[in-house]
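The values are calculated or read from the model by the stated rules, or taken from the named source; none is laboratory data. Given the structure is predicted, the values throughout are model-derived calculations rather than measurements. No Cβ is skipped: glycine too gets one built from the backbone with ideal geometry, and neighbour counts run over all protein chains shown.
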Amino acid sequence: MKEMKTLFFLGFPNPFPGAGWTRVGFFASFFKNRGHDVGVAGVFSPKSVKQARFKYWRGIKIYNLCPTFWVEGIPSLIFNILLSIIVYPLLTLLLRPDVAVVSVPSGEPAVGAFFSSKLVGAKVVFDVRDEWEDYVISKASSRTYRAIYGFFKALMTSIYAKSDLVVAVTPNIVRSLLLRGVKEVKLVPNGADVSVFRPYEKASMREKLGLKKDDFILVYSGGVGGYYRLDIVVKAMARLNNVMRGKIKLLIVGSGDMPQLIRLAEKLGLKDNVVYLGVRNDRKELAQILSAGDVGIVPYDDNLLWKNSVSAKFYEYCACGLPVVATVYEDSILAKLIKENGIGLTARPMDEEKLAEAICHLYENESFRVVAGRRAREMVEVKFDRNKIAEEFLNLIKVLA
C-alpha cells in the first residue's frame, strides 16, 4: 500500500505525561515505523504557551498551534471551539491528510478537527478514550453550564455519527456510543508495550532508588489528585498495624498536587512512607521503576462513570508482572478483569478501611502476589499488547483509506 498521510488530533500540548499521549504517541510511532507520513496536532494554553510551536518528536511532526483556555464557563467553551474551527483548517489545508484520527478527551478542539478534516476530504476516525462529556456534566458547578454542555454532548454525538469510524477503549464505552445512535463503533483497547513494560530485576532497581529489599511497595503512576484518590491510599496505610507501617512505602511517579498529599502523610505520621519520584517521560525508565514495586494501585474515586473505564496504568502494572489493587465498584469492567484473571484485589471506592484490608491481605500472602503477577503479565501478552492493538488499528484505517 502507498504511503498514507495520517494526522492525529489530541487536545493537549504534546507530548505530555498522560494516558492520552501514551496511546496516541504509540500509535503515531507505530504508523511511522510502518512507512506512513504521520503528524500530531495539539493545543496550548496560557500555562503551556512555551509548547506553542512546531517541533519534531522521534521523527514525528508535532503541531501545538491551537490556542485554548481551560476554565469552566461558557465563554471558554465557545472560545475553544471557535479557535479550533479557525486554526485547524489552515493546518489541514497545508498538510492534506488522507486520514484524521481525533482522540478525545479533550473534546472542544475536536469540533474544529472534524470540520477541517472533512474540508480536505480526509477520512475521520474518532478515538473515544472515556465518557468525557458525562464527566464534565457531572462536575459542572452550575445548572446553566451543565445544560450547555448537554447540548455540546448532543453536537458531539452528531459528529461521531458523521465520522467514518469511531473506536473506543472498552466494550462498555462501545455500547454507550451505540446507544447514542453511533453506528460504526469498534473496540480498540488500551494496553502496554510488552517489549518495554516487562519485569526488570527488582533488587537492583530498589538499590538504585534507595529502597530496602524487604520494603512492601505500593507503586502508583499517573496524575496526583482529581479522580485518582491517593489521599484515600494514605489514609488506608494509616490503618495498618505498626509492623506493616514500618515496611510499607507508597512510590509515586507523576505530577499533580503532591504538596497536599505530603501534608496529609505528615499529619498521619507517614511522611517517610511516601516516596515521590516526579515525572518520568522515558517509558523504559518508568517500567523499571514499576518493577521495583510489589503491587500496583489504581485508586479511583466513587464516580459511577469509572465502571466503564480501565486505566492505562493498569495494563502497564500488569505487563511489569505486578498484581493490582483497585478501588472500583464490583460490577465495573476493571473489577471483572481483576477477578476473572486472578490478578489482584478490589475495594469499594473511597473506603479506606476496605482498602487497608486488601493491602494487608496482599502483604501477608506473597505466594498470591507471585501467582497474580505472573497471570497479569500473561494476560497483557495475550490480550493487551499495544503492538498487536496498533496493528489491528492500522488495518482498520487502511480499509478506510
Can you tell me which of Val295, Val328 is touching a Lys or Arg at 6+ places or on another chain (Cβ under 9 Å), of a type outside the set (Lys, Arg) and either without any contact (Cβ under 8 Å) to a residue 60 or more places away in the chain or assigned by TED's automatic domain parsing to the domain that holds Thr22 (or both)?
Val328
Out of (1) modelled with pLDDT under 95; (2) part of a helix (DSSP H, G or I); (3) of a type outside the set (A, V, I, L, M), the one Lys2 does not meet is (2)
Looking across region 20-74 at residues that are over 22 Å from Arg386 (Cα atoms) and of a type in the set (D, E, K, R), the single one that is modelled with the lowest pLDDT is Glu72
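Only one residue in Leu119, Leu82 is among the aliphatic types (A, V, I, L, M), surrounded by fewer than 17 Cβ atoms within 10 Å (Cβ to Cβ), touching a Gly at 6+ places or on another chain (Cβ under 9 Å) and in the same structural domain as Asn14 (by TED's automatic domain parsing), so which one is that?
Just one listed residue meets the conditions, Leu82.
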Taking region 304-329, which residues are part of a loop (DSSP other than H, G, I, E, B), within 17 Å of the chain's Cα centre (by Cα) and over 18 Å from Gly342 (Cβ atoms)?
Ser309, Ser311
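So that you can scan it fast, the table gives a plain yes or no per residue for (1) surrounded by fewer than 20 Cβ atoms within 10 Å (Cβ to Cβ); (2) of a type in the set (Asp, Glu); (3) assigned to a helix (DSSP H, G or I):
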residue: Pro75; (1), (2), (3): yes, no, yes
residue: Ile86; (1), (2), (3): yes, no, yes
residue: Pro97; (1), (2), (3): no, no, no
residue: Val102; (1), (2), (3): no, no, no
residue: Asp130; (1), (2), (3): no, yes, no
residue: Asp134; (1), (2), (3): yes, yes, yes
residue: Ser141; (1), (2), (3): yes, no, no
Taking interchain pairs and intrachain pairs at least six residues apart, which have beta carbon atoms under 6 angstrom, with the first residue in region 212-239 and over 23 Å from Lys284 (Cα atoms) and in contact (Cβ under 8 Å) with a residue 12 or more places away in the chain and the second assigned to a helix (DSSP H, G or I) and of a type in the set (A, V, I, L, M, F, W, C)?
Leu230/Leu261; Asp231/Leu264; Val234/Leu264; Val234/Ala265; Ala236/Leu355; Ala236/Ala356; Arg239/Ala356
